[in-house]
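Visitor: Here you go, one structure.
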Amino acid sequence: MSRLDSFIRRLSAQRDILNGVADEVRALDGPVLELGLGNGRTFDHLRELFPDRRIVAFDRAANAYGPSMPTADNLVLGEIKETAKTFVGANASLAHADIGTGYEDKDAITLTWLPEIMAGVLGAGGLAVSGLPLEHPALQPLPLPSTVKDGRYFIYRRK
Ligand SMILES: C[S@@+](CC[C@H](N)C(=O)[O-])C[C@H]1O[C@@H](n2cnc3c(N)ncnc32)[C@H](O)[C@@H]1O
């Protein structure tokens, strides 16, 4: 598969999953966290899905397209491994992490801390949506929408 096809499938998986969990997230209290703001496309989609919800975005640098830039109070800059620690206990309803690189060695390092962060920021019943698999005793894997191939993206519910 070309990298273009793979990119398209990753983004459609992201959109289909976020659309699929939206009702469940709306039924929960708590902020939505976007780990890896990037260009802000997913952040913009989250704003459409959850217009009344606080959405906090994290990245090491502010590179989002202008209209998709979060307000300063909803943008946390720095290494997520450190910055997201301040949101542990925030009882988030949804945490989405799109910070995989496609490099196995780099992603393996991310996976030494990401599952603990994701489990820590969510409230009970909150949803973790991730491009990298999260192994954590408090995160229960959930089935993917039928449009998403196994292993392309991952959904978990915080126990
Ligand atoms: C694939 S992009 C996210 C794309 C985003 N979903 C969008 O709609 O544009 C990943 C982003 O995560 C950020 N990132 C990756 N690992 C990070 C880390 N450990 N700490 C802070 N930012 C990180 C990168 O700087 C990059 O902007």
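Per-residue answers, yes or no, for (1) among the small types (Gly, Ala, Ser); (2) assigned to a loop (DSSP other than H, G, I, E, B); (3) modelled with pLDDT of 95 or more:
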site	(1), (2), (3)
ARG10	no, no, no
VAL25	no, no, yes
GLY38	yes, yes, yes
ASP52	no, yes, yes
ALA64	yes, yes, yes
THR86	no, no, yes
GLU116	no, no, yes
ALA119	yes, no, yes
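Visitor: Let me ask you something else. Hey, among ARG26, ARG41, ARG10, which residue is farther than 18 Å from PRO145 by Cβ and charged (D, E, K, R)?
Guide: ARG41
Visitor: Checking the condition among the polar types (S, T, N, Q), within 21 Å of GLU24 (Cα to Cα) and within 16 Å of the chain's Cα centre (by Cα), which residue from THR110, THR42, THR101, THR83 passes?
Guide: THR42
Visitor: Among the residues of the stretch 55-64, is any surrounded by fewer than 16 Cβ atoms within 10 Å (Cβ to Cβ) and either away from the ligand (no atom under 12 Å from the Cβ) or among the aromatic types (Phe, Trp, Tyr) (or both)?
Guide: Looking for residues that are surrounded by fewer than 16 Cβ atoms within 10 Å (Cβ to Cβ) and either away from the ligand (no atom under 12 Å from the Cβ) or among the aromatic types (Phe, Trp, Tyr) (or both), one finds none in the stretch 55-64, hence no.
So that you can scan it fast, the table gives a plain yes or no per residue for (1) part of a helix (DSSP H, G or I); (2) in contact (Cβ under 8 Å) with a residue 24 or more places away in the chain; (3) touching an Asp or Glu at 6+ places or on another chain (Cβ under 8 Å):
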site: PHE58; (1), (2), (3): no, yes, yes
site: ALA61; (1), (2), (3): no, no, no
site: LYS81; (1), (2), (3): yes, yes, no
site: ASP105; (1), (2), (3): yes, no, no
site: ALA128; (1), (2), (3): no, yes, no
site: PRO133; (1), (2), (3): no, no, no
site: PRO141; (1), (2), (3): no, no, no
site: PRO145; (1), (2), (3): no, yes, yes
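Visitor: Any residue that is closer than 18 Å to GLN14 by Cα, modelled with pLDDT of 95 or more and small (Gly, Ala, Ser) - is there at least one of those in the stretch 70-78?
Guide: Checking the stretch 70-78: not a single residue is closer than 18 Å to GLN14 by Cα, modelled with pLDDT of 95 or more and small (Gly, Ala, Ser).
Visitor: Which members of the stretch 126-138 meet the condition of being more than 14 Å from the chain's Cα centre (by Cα) and buried (at least 16 other Cβ atoms within 10 Å of the Cβ)?
Guide: Within the stretch 126-138, HIS136, ALA138 meet the criteria.
Visitor: Cβ contacts < 9 Å: first residue under 12 Å from LEU127 (Cα atoms), restricted to the stretch 16-40; second residue assigned to a helix (DSSP H, G or I) and at pLDDT below 95, any location; separation 6+ or different chain. Result?
Guide: So the pair list comes out empty.
The values are calculated or read from the model by the stated rules, or taken from the named source; none is laboratory data. These figures come from a predicted structure and were not determined experimentally. Cβ sites come from the backbone with ideal geometry, for glycine too, and all protein chains shown count toward neighbours.
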